[in-house]
Amino acid sequence: AKSVAQLSPTNQARLKAALASVGPDSDGDGVSDIYEGASGSNVCTPDRNNDGQPDGEDVEVKGTIVSYAAPSLVIGTHTLVVSASTLFRGRHGATFSEADLQTGVCVEVKGHVDVDGVTEDADFIKSSNDCSQDGQGGGD
């Protein structure tokens, strides 16, 4: 059996969605205590990474870019909005910018679900060299 951390981001999202309404949500962050316990999160802390967004609104995607047509970045089943406030970082201090968002490039994206409850906004995009278990799924 795999731990939650060993699952691809796609399968982590599937598990999170399946367990979302199972049992209580003690800290009111939109993530059930069962899922938080399985993933090693604190059931009493609504914002584990102190980014100002409840855990249930955090978005973390790692994968190969399927397409990018500003402002929409597609990675696996996720379509994220890239804005002027999105930060970029390359590997090992290398330069990485919006111009580098090309089909086939491996990236890690951290963001949040917008106030509409649907749109995923990209807050931070980092180039990556390991997309073996990426947002396109597979391997689990």
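The values are calculated or read from the model by the stated rules, or taken from the named source; none is laboratory data. None of these values were measured; they are calculated from a predicted model. Backbone-built Cβ (ideal geometry, glycine too); neighbour counts: all protein chains shown. Accessible surface is based on the protein model in full, side chains and every heavy atom, while ligands, DNA and RNA are left aside. Shrake-Rupley method; radii C 1.70, N 1.55, O 1.52, S 1.80 Å.
Only protein heavy atoms count here; under a 1.4 Å probe, residue 96 has an accessible surface of about 20 Å². Any idea how far apart residue 74 and residue 130 come out in nm if each label point goes 7 Å out from Cα toward Cβ? Calculated label separation equals 2.8 nm.
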